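Here the structure comes first, spelled out in structure tokens, and everything after it is commentary.
Every number here is computed from the coordinates shown, using simple stated rules; none is lab data. Here the structure is a predicted model, which is why all the values come from computation and not from measurement.
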Amino acid sequence: MRITDQELDRKAITLSKAIQVKGIELINVLSEVDRRKSYAEHSYRSLFMYIVRFLGFSESQAAIYNKLVKTKILTNSNVKEMALCGEVSLGVLSLAGQHVRENPDVYKTPKKVEKFVESLRGKTRTEVDIQLNPQKPKSVIKVQEKTYIDLQRVKRKLKLEEMNDNDVIAYLVNKELAEGKTIKNNRTITSKTKAVLLRRAKHRCEFIKNGKRCRATNYLEVDHIIPRSKGGSNHLANLRVLCRAHNQRFWIIETIKDLNTG
């Protein structure tokens, strides 16, 4: 029997609210993933890349979930209730959370945050973006065809085909800016040792899992395989180059081990 238009609408609303609820549950899980830095176990340098490549979300979806995790706006129980009821979308909340974080002097109390979010009820993400950024500039980079072809060659050479052109350009720019400044200062390790470690690692994080090596080349740090607190030396055999995410991940693992054995 064919259902009526009204029944179809009710079904659509029910499923839409269910998706919103599941989205909030996912954010809770992603917050824990971010806290543990467990995305590094899969050789991803950030939560954003974990959401895109491991979970298979589009980059625009991943940006929304990533912002919601980082801004922690859903830790406000009343804001969370508004989201659960479908009064504000997760996309709108991602913009709201970013706006609140960028203006801490304006939103000093939970009540002010709640009042701000209430003012966004029923609005689309585009409407909120225009409201919060009325003078937001739109930057478009135009390149010649040869430059575009060269960029695609670079993507293949660096095995970055899965990334969009904008992310690859950002990656190359950041890499250039970070060149020569990627090793974290450590008074107990000489600059000569650091240089040797960088050459050995080919200026790339040395974390490998299941035969897959981390791609990170920025924010590299020297890590002791056997921690100094446990007698580890500064000998090259006990040193490795890790990106910040993997270094933090190993620190978390060691801390948990110490707590469990302490």
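Can you give the translational diffusion coefficient of the chain in µm²/s, computed by Stokes-Einstein from the Kirkwood radius over Cα pairs at 10 °C and 1.306 mPa s?
The estimated diffusion coefficient comes to 73 µm²/s.
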| Going out from 0 in 5 Å bins, what whole percent of all Cα-Cα distances in segment 8-132 drops into each bin? | 2, 11, 20, 22, 19, 14, 8, 3, 1, 0
| task | For n ≥ 4 DSSP H runs only, could you compute -39500 (n - 2.57) per run for the chain, divide by its residues and tell me the 222 nm figure to the nearest 500? | result | -17000 deg cm²/dmol
